[in-house]
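A.B. asks: Structure incoming, see below.
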Amino acid sequence: MPLIGPKEMFEAAYAGKFAIGAFNVNNMEIIQGIMLAASEEKSPVILQVSAGARKYAGQRYIMKLVEAALADDPSIPVCVHLDHGPSFEMCRDCIDGGFTSVMIDGSALPYEENIAVTKKVVEYAHPRGVWVEAELGKLAGIEEHVQSAEHQFTDPDQAVDFVEKTGCDSLAVAIGTSHGAYKFKGEAKLDFERLETICKKLPNYPLVLHGASSVPHEFVEECNKYGGAVGDARGVPEDMLRKAASMGVCKINVDTDIRLALTASIRKFMVEHPEAFDPRQYLTPARQAVKMMVARKIRDVMGSSNKIEALKLA
């Protein structure tokens, strides 16, 4: 199966009250782990590439790895998506490079400027059959070049206006999630009332949750047990994410949890095997850790296991 866009994925997700997992990729082992989990769970999947991942691995290398993954299991519907595209130029380059979906992140700009740059990307992407995600509101926390000291929740009426004026295909909303591993100091809370209002004002419209890693405590403990200093990291409880998926959130982003699973596994191996220096020895269990974590997300958070047949693919 060739790469597809998110349209059929999100239509099935909205109707079935589940979400599609959008997992950030940086190297071969992460892509392999995600795809092994998707194959095992028979789930559609979105592979996300950030600006940092493009710089680190190279867009051509990433796309060739995706090509290999598709050849290994052609039954899995896969979308390749640019995460937090900082400019029209980067979105254009990804579209021209074979991505089937891009995000233009103008959330830090004044409202009218966000509209203008999003509309520009839409006008370039749509004639080429590429999906466009945009963002309205701000998430606290840090993810590469994206950072904010405080939340700015999405205004429901402004969301309607933004979608109408830009023509964007999906919208990342701010309801209390945040980037990074340190999401909550106290009790975790998401503004489900706000989410419900946005869904009512934009019926059947796919919404996206960024900053949605749950930061499983076992990974934090393992990192710290074997020399890490991750600290009191707290993520979004998985039951809250599952509830959001049942309300109209069609795409849930996961990055931090992948990093933690990979790093915890490598730290453990290196401490237990100080004589080891063959990367294959420690990257093999690390890849398995990514696979197991992603499979759990697909089953327990996204609810997208065994949903391939729900997609109406030509």
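Readers should treat all values here as calculations from the given coordinates under stated rules, not as data from a laboratory. If you're wondering where the values come from, they're calculated on a predicted model, not measured in any experiment. Neighbour counts are summed over all protein chains in view; Cβ atoms, including those assigned to glycine, are modelled from backbone coordinates with ideal geometry.
A.B. asks: Using Cα-Cα distances under 8 Å and only pairs 6 or more residues apart, what relative contact order does the stretch 199-314 have, in percent?
C.D. replies: It rounds to 29 percent for the stretch 199-314.
A.B. asks: In degrees from 0 to 90, rounded to the nearest 10, what is the angle of the helix 7-16 Cα long axis to the longest principal axis of the chain?
C.D. replies: That works out to roughly 90 degrees.
A.B. asks: Oh, and also: Near LYS307, which aspartates and glutamates are there with a Cα under 19 Å away, not counting those fewer than 8 places off in the same chain?
C.D. replies: Straight-distance partners of LYS307: GLU8, GLU11, GLU40, GLU41, ASP73.
A.B. asks: If you don't mind, there's one more thing I want to ask. So how do LYS268, LYS201 line up by other beta-carbon neighbours within 10 Å, fewest first?
C.D. replies: Neighbour counts put them in this order, fewest first: LYS201, LYS268.
A.B. asks: To one decimal place, what Kirkwood hydrodynamic radius in Å is obtained for the stretch 7-310 from all pairs of distinct Cα atoms?
C.D. replies: 19.4 Å
A.B. asks: Report the FRET efficiency, 1/(1 + (r/R0)^6), for GLN158 and PHE192, where r is their Cβ-Cβ distance and R0 is 25 Å, rounded to 0.05.
C.D. replies: The formula returns an efficiency of 0.85 here.
A.B. asks: May I pose another question? How large is the dipole of the stretch 7-310 about the Cα centre if only Lys and Arg carry +1 and Asp and Glu carry -1, each at its Cβ, rounded to the nearest 20 debye?
C.D. replies: Its charge dipole is roughly 300 debye.
A.B. asks: Could you tell me which of rounded, prolate or oblate describes the stretch 1-115, using a ≥ b ≥ c as the square roots of the eigenvalues of the alpha-carbon gyration tensor, with rounded for a/c under 1.5 and, failing that, prolate when a/b is larger than b/c and oblate otherwise?
C.D. replies: oblate
A.B. asks: Considering the chain as a Gaussian network with a 10 Å cut-off on Cα pairs, which listed residue, GLY97, GLY33, GLY21, attains the greatest mean-square fluctuation?
C.D. replies: GLY97
A.B. asks: Using only Cα atoms, find the angle between the long axis of helix 156-166 and the longest principal axis of the chain, and express it within 0 to 90 degrees, rounded to the nearest 10.
C.D. replies: The angle comes out near 80 degrees.
A.B. asks: Continuing with the same structure: Gaussian network model of the chain, Cα springs within a sub-10 Å range: biggest mean-square fluctuation belongs to which of PHE269, PHE277, PHE219?
C.D. replies: Fluctuation is largest for PHE277.
A.B. asks: Which angle between 0 and 90 degrees, to the nearest 10, do you get for helix 59-72 versus the longest principal axis of the chain when only C-alpha atoms count?
C.D. replies: So the inclination is approximately 80 degrees.
A.B. asks: Loop-only check: which GluC sites (Glu not before Pro) in the stretch 237-314 are DSSP coil with at most 15 other Cβ within 10 angstrom?
C.D. replies: Filter output for the stretch 237-314: GLU275.
A.B. asks: Report the relative contact order of the chain, percent, no decimals, based on alpha-carbon pairs under 8 angstrom and at least 6 residues apart.
C.D. replies: The normalised contact order for the chain reaches 23 percent.
A.B. asks: Right, something else. From the cross-link list LYS64/LYS201; LYS17/LYS225; LYS120/LYS312; LYS120/LYS297, which pairs have alpha carbons spaced over 32 Å apart?
C.D. replies: Table pairs above 32 Å Cα-Cα are LYS64/LYS201; LYS17/LYS225; LYS120/LYS297.
A.B. asks: Still on this structure, I have one more. Using only Cα atoms, what is the ratio of the radius of gyration of the stretch 160-314 to 2.2 N^0.38 Å?
C.D. replies: Relative to the rule-of-thumb radius for its length, the stretch 160-314 sits at 1.23.
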